[in-house]
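Colleague: Structure below; questions to follow.
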Amino acid sequence: MTRSTRLTGPALRLTVLVGEHDTWHHKPLYSEIVHRAHAAGLAGASVFRGIEGFGASSIVHTSRLLSLSEELPVAVVIVDEEDRVRAFLPELDGLVTEGLVMLDACEVVIPGG
């Protein structure tokens, strides 16, 4: 599904936090999430690589040169209308098993608009 108009106004932001080495069928989990969001026709998705963080394991992962950890956090951020984002949530079932899924309201504006 392709949209012809840009999203503006009230929206819902879905943020999925996973590890950069988490996989789904031998490909990066973050990539699978983005591709599913695209296939679902959502307005947009971006992946951000963290430089430091920790989760349920309480192990701090960092990108600093002498660190032994290489499992850095990755955030997949998806924004669209609330009903479309909520309809996408079942796509994450079984896919995100050790990450964190967050929803928060936001507003999309066009710069200078």
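The values are calculated or read from the model by the stated rules, or taken from the named source; none is laboratory data. Model, not experiment: these values are computed from the prediction. SASA here: full protein model, heavy atoms, side chains in, ligands and nucleic acids out. Shrake-Rupley method; radii C 1.70, N 1.55, O 1.52, S 1.80 Å.
Colleague: As a test of reading the structure, rank VAL18, VAL79 by solvent-accessible area (1.4 Å probe, protein chains only), most first.
Modeller: The ranking, largest first, comes out as VAL79, VAL18.
Colleague: Here is a follow-up. Per residue of region 79-87, in order, report the coupling 6.51 cos²θ - 1.76 cosθ + 1.60 (Karplus, θ = phi - 60°) as ³J(HN,Hα) in whole Hz, putting x for Gly and Pro.
Modeller: 10, 6, 4, 3, 5, 6, 5, 5, 5
Colleague: If you rank VAL109, VAL77 by how much accessible surface each has, with a 1.4 Å probe, what is the order from largest down?
Modeller: The ranking, largest first, comes out as VAL109, VAL77.
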